[in-house]
Amino acid sequence: MNRLPGLDLLRAIAIVWVMLFHSFVVGGLGPDFAWLSRYGWAGVDIFFVLSGFLIGTQVLRPLQRGEPLAFGGFYARRAWRILPAFAVVLALYVFFPMLREVPGLQPWWQFATFTLNLLIDYNQNQAFSHAWSLCVEEHFYLVFPLLAWWLTRRPSTPKFIGVCAAVVMLGIVLRTTVWLHDAAIDPPRNWFLEDIYYPTWMRLDGLLMGIMLAVLRVYRPQAWARWQARSNVILLGGVAVSCLALWLFRDRTGLLANALGWPLLSFGLGLLVFAGADRNSLIGRWRVPGAGWLAAISYSLYLSHKIAFHVVATTLDAQLHGHGMVAFATYAVAALLLGAALHYLVERPFLRLREYRATRKLSGAVENGKAMAAPGAADASA
């Protein structure tokens with residue numbers, strides 16, 4: 001899929017919003033900037049919707065054409081994309097404790113197996129805890145191709161709608177039940193994060209919304225085109241629905257927000273992604289300077305920004321104290337420099353290696369095809 005300026009803008013907003021939210025690890029932005037960071041956790045939900053849409057489209061297109069799904073190729077591409085930069089940052093956290101934003105770190109194998117979000121003791125081990133969302137993504141990468149293959153063996157609109165409705169309703173019931181149970185016994189731990197916010201089965205709404213958009217684009221292209229003619233109206237609707245959802249999250253740990261807020265927020269963000277996928281919409285028409293670059297390095301930024309914040313806080317805290325705008329700019333520059341270094345020195349070379357290997361494999365397949373088609377090839381191979 002060609003890069004779309006609207007989606008790049010949403011991804012750039014998401015990563016900036018997340019980094020603003022995580023400024024709490026160095027004491028926050030202060031009262032003048034608190035409004036920028038309060039709802040920054042929603043940046044992760046933007047990533048979830050984008051991931052569901054982009055990966056969903058990538059998986060569903062060959063299935064729609066009747067082609068077999070290359071599971072090995074899909075998982076290999078995801079591994080080349082995700083693991084190198086993640087391994088480098090995990091090594092920094094494990095072997096250089098002075099770089100951690102807080103001392104406590106879960107065992108390395110929980111990160112390596114992407115089970116951190118299911119096993120974390122948040123009160124004791126908060127370092128690199130933002131890897132929880134990467135765990136959710138990895139579980140999605142593992143399961144979705146299999147689910148898509150099963151659902152498309154005998155495509156059925158009612159079956160797909162039923163599965164989507166079941167996932168949404170199950171999420172509402174699970175979150176409500178767990179919230180009522182934990183609120184009643186009030187266990188001596190951060191049960192909101194450990195039992196509701198982090199577990200994969202509680203956070204499927206955004207990924208599901210992205211998948212629904214991908215299904216519409218791939219299997220109902222005429223309907224997709226019809227609705228995209230109204231993308232600016234849908235964009236405004238997305239803003240309105242997202243604002244309503246964030247209003248529910250005034251009490252971020254409250255029952256109403258966690259029962260109904262997640263599907264509502266995902267729906268609103270899904271409308272924004274739909275509008276962003278249209279090159280003629282208000283957010284898809286122009287390339288915002290810097291948005292494409294931020295989008296390109298967003299994964300490396302997400303992995304490394306807490307390390308950058310911590311290094312600045314431990315080395316320049318005295319000099320920056322009381323200088324709000326200077327401190328803000330210093331933390332921002334440090335995060336961008338470290339994220340860019342990780343992207344250009346680790347992430348990008350491995351992506352190029354991935355493409356090189358794919359090109360070599362394709363060239364080899366073409367050459368083998370030519371050889372088999374040549375006169376006498378069957379006799380020579382016997």
Subject >> Matching residues, the range 251-265, being within 14 Å of R38 (Cβ to Cβ), open to solvent by 10 Å² or more (accessible area, probe 1.4 Å) and in contact with a Phe, Trp or Tyr (Cβ under 6 Å, 6 or more places away or on another chain) >> reply: T253
Original post:
Are any of the residues in the range 257-264 under 23 Å from the mean Cα position of the chain (by Cα) and outside any helix (DSSP H, G or I)?
Top reply: no
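Per-residue answers, yes or no, for (1) touching a Phe, Trp or Tyr at 6+ places or on another chain (Cβ under 9 Å); (2) farther than 13 Å from A259 by Cβ:
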{"site": "V167", "(1), (2)": "no, yes"}
{"site": "V178", "(1), (2)": "yes, no"}
{"site": "E194", "(1), (2)": "yes, yes"}
{"site": "W201", "(1), (2)": "no, yes"}
**OP:** Under 8 Å between Cβ atoms, at least 6 apart or on separate chains: pull out the pairs that start in the range 265-294 with a residue that is hydroxyl-bearing (S, T, Y) and end on any residue that is open to solvent by less than 10 Å² (accessible area, probe 1.4 Å) and at pLDDT 95 or above.
**Re:** S266/D45; S266/F48; S266/V49; S266/G206; S281/G6; S281/S231; S281/A275
Original post:
Is there any pair linking a residue in the range 33-46 that is free of Cβ contacts under 8 Å to residues at least 40 places away in the same chain and of a type outside the set (K, R) to one that is open to solvent by 10 Å² or more (accessible area, probe 1.4 Å) and not in a helix (DSSP H, G or I), with Cβ under 6 Å and at least six apart or on different chains, and which?
Top reply: S37/L29
Subject >> Failed item, numbered, when A165 is tested on (1) in contact with a Leu (Cβ under 7 Å, 6 or more places away or on another chain); (2) more than 30 Å from S298 (Cα to Cα) >> reply: (1)
Subject >> Selected residue (only one of L236, L216 is under 24 Å from the mean Cα position of the chain (by Cα) and open to solvent by 60 Å² or more (accessible area, probe 1.4 Å)) >> reply: L236
Original post:
Got a number for residues in the range 102-129 being assigned to a loop (DSSP other than H, G, I, E, B) and of a type outside the set (V, I, T)?
Top reply: 14
**OP:** Among what's in the range 292-306 and is touching a Lys or Arg at 6+ places or on another chain (Cβ under 8 Å) and of a type in the set (A, V, I, L, M, F, W, C), pick the residue that is most open to solvent (accessible area, probe 1.4 Å).
**Re:** L294
Subject >> Residue in the range 110-128 that is surrounded by the most Cβ atoms within 10 Å (Cβ to Cβ), counting only those that are in contact (Cβ under 8 Å) with a residue 60 or more places away in the chain and of a type in the set (S, T, N, Q) >> reply: N117
Original post:
So, of the residues in the range 1-23 that are closer than 20 Å to E101 by Cβ and in contact with a Ser or Thr (Cβ under 6 Å, 6 or more places away or on another chain), which turns out to be modelled with the lowest pLDDT?
Top reply: S23
Subject >> Tally, over the range 75-101, of residues that are closer than 14 Å to A131 by Cβ, outside any helix (DSSP H, G or I) and either at pLDDT below 95 or open to solvent by 30 Å² or more (accessible area, probe 1.4 Å) (or both) >> reply: 1
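Residue-wise test of (1) farther than 23 Å from A12 by Cα; (2) modelled with pLDDT of 95 or more; (3) open to solvent by less than 40 Å² (accessible area, probe 1.4 Å); (4) in a helix (DSSP H, G or I).
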| residue | (1), (2), (3), (4) |
| --- | --- |
| T315 | yes, no, no, yes |
| A318 | yes, no, no, yes |
| M325 | no, no, no, yes |
| F328 | no, no, no, yes |
| A334 | no, yes, yes, yes |
| A340 | no, yes, yes, yes |
| H343 | no, yes, yes, yes |
Original post:
In the range 147-196, which residues are assigned to a helix (DSSP H, G or I), open to solvent by less than 30 Å² (accessible area, probe 1.4 Å) and without any contact (Cβ under 8 Å) to a residue 40 or more places away in the chain?
Top reply: L151, D182
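The values are calculated or read from the model by the stated rules, or taken from the named source; none is laboratory data. None of the values given here were measured: they were computed from a predicted structure. We place every Cβ from the backbone using ideal geometry, glycine too, and count neighbours over all the protein chains shown. Side chains are part of the model used for accessible areas, which takes the heavy atoms of the whole protein and leaves out ligands, DNA and RNA. Shrake-Rupley method; radii C 1.70, N 1.55, O 1.52, S 1.80 Å.
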